[in-house]
Amino acid sequence: MKDKLIVALDVPSRQQALHFVDILRDEVGCFKIGMQLYNSEGPDIVRDIQTLGGRVFVDLKFHDIPNTVAQTTKIITQRQAYMFSLHASGGFNMMQVCAQAAQEAAIEYHVPKPMALAVTVLTSMSQKVFEEEMGIKKPIVEQVVYWAQLAQKAGVDGVVASPQEITAIRQAVGDDFAIVTPGVRPLWAASNDQERIMTPKEAIEKGATHLVVGRPITTHRNPKEAARMIVEEMMAAKKNC
Ligand code: C5P
């Protein structure tokens, strides 16, 4: 189960990020770096984490013309990212060339193929904004399921989705598709600014394959202990299934 726990390294510096990698690398499966850390420290932060023995989820949410996304995917693959993200709203062709680029680059550079994960609708978006600003007049969950199915057809390995959407996505895409979910909070942790949260046990029971957890681990007085407690909760869910 620990392979399914991803720690969000939402910290501003290399020093802080590597501190967490150092103490958590044996407790979790992967470290997620987003725009903040990637842009403050540059791409070498990927190699630095790997050197300490951590796998890296490069969460830069690609969204561009297919060629640009495909070429960037090749670079990310060469750098041996374990996972990376792209926007499903970039369309079928963008997702398909991206998935193909990961496959081709893995062969070309003799490295493992990274998992491509499509972001559907950001959980920060309300139904009202979705309809009025994006101009899509349907329930968000319907669009999420539609994009998850499109991503699957395009050869993408999974989606990043809110815990509330896991059940609908799982029903639509079957078992062989990753669902990576943030917004996870153990009962003992503060919700922070996450609104529609779920416990690790609930998220796994609903069909999530990976959980992204940040502050409950990184702000805990003992991050290693916090990660272990979350993995234990995840394991309890598996036994019930
Ligand atoms: O600290 P916390 O556990 O809330 O961190 C969750 C991580 O997941 C953050 O890196 C956040 O940007 C990311 N995320 C999210 N909700 C989404 C997509 C990503 O919280 N819909």
Just give me the residues in the stretch 186-196 being out of contact with any Pro (no Cβ under 7 Å at 6 or more places or on another chain) and within 15 Å of residue 230 (Cα to Cα), in sequence order. 187, 188, 190, 191
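Could we say that residue 212 is away from the ligand (no atom under 12 Å from the Cβ), among the aliphatic types (A, V, I, L, M) and closer than 16 Å to residue 30 by Cβ here? So that I can check it myself, show each step before the final result.
Numbers: away from the ligand (no atom under 12 Å from the Cβ): no; among the aliphatic types (A, V, I, L, M): yes; closer than 16 Å to residue 30 by Cβ: yes.
No, not satisfied.
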Return the only residue of 136, 107 being more than 29 Å from residue 42 (Cβ to Cβ) and surrounded by fewer than 22 Cβ atoms within 10 Å (Cβ to Cβ). 136
When you go through (1) within 27 Å of residue 88 (Cα to Cα); (2) within 15 Å of the ligand (Cβ to nearest atom); (3) surrounded by 20 or more Cβ atoms within 10 Å (Cβ to Cβ) one by one for residue 189, which number turns out not to apply? (1)
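Does residue 194 count as away from the ligand (no atom under 16 Å from the Cβ) and polar (S, T, N, Q)?
Values: away from the ligand (no atom under 16 Å from the Cβ): no; polar (S, T, N, Q): yes.
So residue 194 does not fit the description; no.
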Cβ contacts < 9 Å: first residue touching a residue at least 40 places away in the same chain (Cβ under 8 Å) and farther than 16 Å from residue 2 by Cα, restricted to the stretch 174-197; second residue more than 9 Å from the ligand (Cβ to nearest atom) and part of a strand (DSSP E or B), any location; separation 6+ or different chain. Result? 183/198
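Considering only residues that are of a type in the set (Lys, Arg) and not in a helix (DSSP H, G or I), which ones fall in the stretch 71-87?
From the stretch 71-87, those of a type in the set (Lys, Arg) are 74, 79; that's our starting set.
Residue satisfying the conditions is 79 alone.
When you scan the stretch 1-70 for strands (runs of 3 or more DSSP E) that lie fully inside it, which ones turn up with 1 or more residues that are crowded, with 23+ Cβ neighbours inside 10 Å, within 16 Å of the ligand (Cβ to nearest atom) and of a type in the set (Asp, Glu)? Talk me through it step by step, then tell me what you get.
Values: elements: 5-8, 30-33, 56-62.
Because the criterion is at least 1 residues that are crowded, with 23+ Cβ neighbours inside 10 Å, within 16 Å of the ligand (Cβ to nearest atom) and of a type in the set (Asp, Glu), the strands (runs of 3 or more DSSP E) in the stretch 1-70 that meet it are 56-62.
No lab work stands behind these numbers, since they all come straight from the coordinates. Since the structure is predicted, the reported quantities are computational estimates derived from the model, not experimental observations. Note: ideal-geometry Cβ built from the backbone for every residue, glycine included; neighbour counts use all protein chains shown.
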